[in-house]
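Bear in mind these aren't lab numbers, they're just calculated from the coordinates by the rules spelled out. These numbers come from a predicted model, not from an experiment. For neighbour counting, all protein chains shown are included, and Cβ atoms are generated from backbone atoms with ideal geometry for every residue, glycine included.
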Amino acid sequence: VPPAPALPIRAITFDLDETLWPVWPTIVRAEKALYEWISTHAPSTARRYTIEGLRQVRDEVARIRLDLAHDVAELRRVSTMAALERAGDDPELVHGAWEAFMRERQRVEPFPDALPALETLARRFPLATITNGNADVNLIGIGHLFRANFMAGVEGIAKPDPRIFHRAADALGVAPGAVLHVGDDTALDVIAGRAAGMHVAWINRGGHAWDHDVPAPELAFTDLAELVRWLDATQPGPRHD
Ligand SMILES: [Mg+2]
């Protein structure tokens, strides 16, 4: 068991995709739902582009619209609209296509350890979420576990920008140094969370080696059950204000 950080942890922030659920099966299903919607309502676009073709349009738009780098949702919307327009369909159809995508995007399947851990931790700590993706915990049905949620597309800033971490700490009423940020991404969660002044726990489900020049995080767990056991052992007592 790693040693306890010097400061007691008074609040926890969580990344979403790949920390609480696998994201790629969900994205693949959502892209399929979007494509089926387009096949029905925008047949010229479906004739011109395959699913892979739509991905290429998105990559192309991403290279031009650098301002959308923080907002994968807007990037997908804008590129879908571009594909509709180029194929001669009504670009306004983007709204229906987008709804089809987002409906499926919120149908995530949490890792088996995720919900039991969150339910346990929500009784002891104020929790918040910080995501660069477009999963919405309220639509997913787990919003009651969190006091605040920070989505890059809504905030206009994304990880690794320290401001999104600081907004979350503010919302939880604690200094960044009293927050434990939990996430799977070595750059966007571990290194960025640490740079924002937080304690960080790397959720390393794949058993990957640490491959950055900067030191590995003091805390690394294979899943959230292990994180709960560590918190139980090192951070005793209720923490709710
Ligand atoms: Mg992630």
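Considering every residue within the range 211-219, establish whether at least one is of a type outside the set (Ser, Thr, Tyr), touching a strand residue (DSSP E or B) at 6+ places or on another chain (Cβ under 6 Å) and within 17 Å of Ala11 (Cβ to Cβ).
Checking the range 211-219: at least one residue is of a type outside the set (Ser, Thr, Tyr), touching a strand residue (DSSP E or B) at 6+ places or on another chain (Cβ under 6 Å) and within 17 Å of Ala11 (Cβ to Cβ).
If you take the residues of the range 159-192 that are part of a helix (DSSP H, G or I) and within 13 Å of the ligand (Cβ to nearest atom), which of them is surrounded by the fewest Cβ atoms within 10 Å (Cβ to Cβ)?
Ala187
Would the range 131-145 turn up any residue that is in a strand (DSSP E or B) and away from the ligand (no atom under 15 Å from the Cβ)?
No, the range 131-145 contains no residue that is in a strand (DSSP E or B) and away from the ligand (no atom under 15 Å from the Cβ).
Every residue in the range 195-207 that is within 16 Å of the ligand (Cβ to nearest atom), in contact (Cβ under 8 Å) with a residue 12 or more places away in the chain and surrounded by fewer than 18 Cβ atoms within 10 Å (Cβ to Cβ), please.
Arg205
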